[in-house]
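Right, I'll just put the structure down here and ask away after.
The values are calculated or read from the model by the stated rules, or taken from the named source; none is laboratory data. Remember, it's a predicted structure, so these values are computed and weren't measured experimentally. Quick reminder, even Gly has a Cβ in these numbers, built from the backbone with ideal geometry, and neighbours come from all protein chains shown. Ligands, DNA and RNA are excluded from the accessible area calculation, which covers all protein heavy atoms including side chains. Shrake-Rupley method; radii C 1.70, N 1.55, O 1.52, S 1.80 Å.
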Amino acid sequence: MAGFDPQFIWFGLVSGSLIALGALGLTLIFGILDFINIAYGEYMALGAFMAFGLNTTLGLPVIAAAVIAVPAMGVLAIALDKAVFQHFRDRSAIVLLVVSIGLSFILRNLIRIVWGSGAKRFEVPIQQAPTYFGIQILADQVAIVVLSLAVLGGTFLLLRRTDIGIAMRAASDDTDLARIRGVDTERLVLYVWLVGGLIAAVAGVMLGLDGQLRPTMGFLSLIPIFAAVILGGIGDPVGAVAGGYAIGLLQELSVIVIPAEYKPLVGLVLLVAGLLTRPDGLFGEATR
């Protein structure tokens with residue numbers, strides 16, 4: 001336990017940026033396909049490790065490596081849908097959930113085979129953390145917050161201002177009605193996986209920059225991400241993002257009253273509390 005430190009607020013903002021991104025990608029996929037993709041954490045990890053491979057093997061700067069790895073993960077998400085999920089799309093959500101669990105194990109072990117089980121780090125210059133108003137701020141942390149806001153803003157513009165985004169929202173509300181009104185739902189599924197894969201890779205790279213890369217990094221991030229999705233209302237992108245920032249801040253501030261090693265439990269507690277007290281989400285969107 002520790003006394004209040006304004007540093008916790010900054011850490012919470014960084015953590016919330018990562019959780020909000022993951023929650024947004026996960027809830028977009030649920031909105032169209034109506035199932036929770038447990039393998040989404042591995043999508044994050046795989047995107048991060050692809051960037052790591054380009055960074056360490058080819059010597060590319062992290063930014064350049066991410067520019068290649070992020071779209072590659074988007075394409076891979078589509079390929080995995082074609083190879084796996086498409087064959088079970090007519091089954092129940094439970095079947096798809098079980099399939100995603102199996103895919104999660106496969107991808108996690110694939111990462112272990114290719115990159116090993118040990119912790120890895122991106123090759124980045126050693127940074128000095130300047131202090132502003134008593135808060136130490138690393139350049140990587142600033143990049144995480146700014147890039148997260150940019151991706152979140154771009155995604156919301158996509159949903160609100162483009163034909164594809166409007167079609168996604170329509171299909172999320174009622175897939176059958178959207179199909180009757182002429183929306184090509186099969187093509188829309190590809191767009192959803194592409195956007196979801198892109199967001200997962202960005203979140204994974206930023207997660208790796210904020211700490212270490214491990215095969216389990218994405219899987220261990222799922223609890224706070226799920227908590228954000230549930231708290232915000234499943235299928236509600238705005239609620240998922242708000243839930244992500246709220247959980248990030250609460251996790252970091254929790255060390256004031258509980259030992260730091262119990263910090264990851266905050267997401268689980270909030271997930272249960274959200275289901276019990278706010279089943280319709282922060283903004284009243286129905287949790288389906």
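Quick check for you: which residues of the stretch 205-224 have the amide N under 16 Å from the point 7 Å beyond the Cα of residue 139 toward its beta carbon?
Residues 209-210 qualify, since their backbone N sits under 16 Å from the label point.
With each run of n ≥ 4 DSSP H residues scored as -39500 (n - 2.57), what mean residue ellipticity at 222 nm is computed for the chain after dividing by its residue count and rounding to the nearest 500 deg cm²/dmol?
Helix contribution divided over all residues of the chain: -23500 deg cm²/dmol.
Calculate how steeply helix 139-161 sits against the longest principal axis of the alpha-carbon atoms of the chain, using the helix alpha-carbon long axis, and give the answer as 0 to 90 degrees to the nearest 10.
It is inclined by approximately 20 degrees.
If you average 1/r over all unlike Cα pairs in the stretch 106-206 and invert the result, what Kirkwood radius do you get in angstrom?
For the stretch 106-206, the Kirkwood estimate is 17.1 Å.
If you don't mind, another one. For the Cα atoms of the chain, what angle does the longest principal axis make with the long axis of helix 40-57, in degrees from 0 to 90, nearest 10?
Tilt relative to the chain: about 60 degrees.
Report, in debye and to the nearest 20, how large the dipole of the stretch 50-190 comes out about its Cα centre when Lys and Arg carry +1 and Asp and Glu carry -1 on their Cβ.
In total the dipole reaches around 180 debye.
While we're looking at this one, here's another question. Cβ neighbours within 10 Å, averaged per peptide: list 5-16, 229-240, 89-100 in order, most packed at the top. Kindly include the intermediate steps, with their values, before the conclusion.
Details: 5-16: 18.8, 229-240: 25.5, 89-100: 14.0.
Peptide ranking by packing, descending: 229-240, 5-16, 89-100.
Can you give me the solvent accessible area of residue 179 with a 1.4 Å probe, rounded to the nearest 10 Å²?
Taking all protein chains as shown, residue 179 has close to 120 Å².
Still on this structure, please answer the following. Please state the relative contact order of the chain as a whole percent: Cα pairs under 8 Å, 6+ residues apart?
Details: 475 pairs, mean separation 106.1, N = 288.
Reported as a whole number, the value is 37 percent.
Helix 62-83: angle to the longest alpha-carbon principal axis of the chain, degrees 0 to 90, nearest 10?
30
What percent do you get for the relative contact order of the stretch 118-182 when only Cα pairs under 8 Å and 6+ apart count? Write out the running numbers ahead of the final one.
Working: 23 pairs, mean separation 8.0, N = 65.
Once normalised by length, the contact order is 12 percent.
Using a Förster radius of 22 Å, what is the FRET efficiency between residue 149 and residue 75 based on their Cβ-Cβ separation? Nearest 0.05, please. Don't skip to the answer; put the middle values down first.
Values: r = 25 Å, r/R0 = 1.14.
Calculated value: 0.30.
Identify the residues of the stretch 1-37 with backbone N under 19 Å of a label point that sits 7 angstrom from the Cα of residue 129 along the Cα-to-Cβ direction, or state none.
1-19
Hey, rough spin-label estimate for residue 173 and residue 272, points 7 angstrom out along Cα→Cβ, what's it come to in nanometres?
Those two pseudo-labels are separated by 3.7 nm.
Which value in Å does the Kirkwood hydrodynamic radius of the stretch 202-263 take, with 1/r averaged over all unlike C-alpha pairs and then inverted? Could you put the intermediate results ahead of the total?
On the way: mean 1/r = 0.0792 Å⁻¹.
Mean inverse Cα-Cα distance, inverted, gives 12.6 Å.
Among 223, 203, 115, pick out the residue whose Cα is farthest towards the positive end of the charge dipole of the chain, where Lys and Arg carry +1 and Asp and Glu carry -1 on C-beta, about the Cα centre.
It is 115, whose Cα lies furthest towards the positive end.
Now a separate question. With r defined as the distance between the Cβ atoms of residue 64 and residue 105 and R0 fixed at 35 Å, what FRET efficiency is calculated, to the nearest 0.05? Write out the running numbers ahead of the final one.
Details: r = 31 Å, r/R0 = 0.90.
The pair residue 64/residue 105 has a calculated efficiency of 0.65.
Quick one: check the C-alpha center-to-center distance for the stretch 83-129 versus the stretch 19-43, whole angstrom.
A separation of 13 Å, based on Cα centres.
As a test of reading the structure, rank 262, 43 by solvent-accessible area (1.4 Å probe, protein chains only), most first.
Details: 262 115, 43 0 Å².
Of 262, 43, the descending order of accessible area is 262, 43.
Please build a GNM for the chain, connecting alpha carbons under 10 Å apart, and tell me which residue among 52, 133, 88 fluctuates the most.
133
For the chain, what is the charge dipole size about the Cα centre, in debye to the nearest 20, if Lys and Arg each add +1 at the Cβ and Asp and Glu each add -1 at the Cβ?
On the way: 17 positive and 19 negative charges, 78 e Å.
My answer is approximately 380 debye.
Sticking with this structure for a sec: Please compute the per residue accessible area over the chain with all protein chains in place, 1.4 Å probe, rounded to a whole number of Å². Please list the in-between numbers first.
Values: 13540 Å² over 288 residues.
Averaged over the residues of the chain, the accessible area is 47 Å².
Assuming R0 = 41 Å, can you tell me the calculated FRET efficiency for the pair residue 157 and residue 114, based on Cβ-Cβ distance, to the nearest 0.05?
Values: r = 35 Å, r/R0 = 0.86.
The pair residue 157/residue 114 has a calculated efficiency of 0.70.
Right, here's the next one. Using a Gaussian network model on the chain with a 10 Å cutoff between Cα atoms, which of 225, 38, 256 fluctuates the most?
The residue that fluctuates most here is 256.
Please report the relative contact order for the stretch 31-150, taking Cα pairs under 8 Å with a sequence separation of at least 6, and give it as a percent rounded to a whole number. Don't skip to the answer; put the middle values down first.
Details: 79 pairs, mean separation 38.9, N = 120.
Contact order relative to length: 32 percent.
Towards the positive end of the charge dipole of the chain, with charges on Cβ (+1 Lys, Arg; -1 Asp, Glu), say which of 247, 171, 74 has the farthest Cα.
74
What is the distance in Å between the Cα centres of the stretch 246-260 and the stretch 146-224?
Each part's Cα centre sits 27 Å from the other's.
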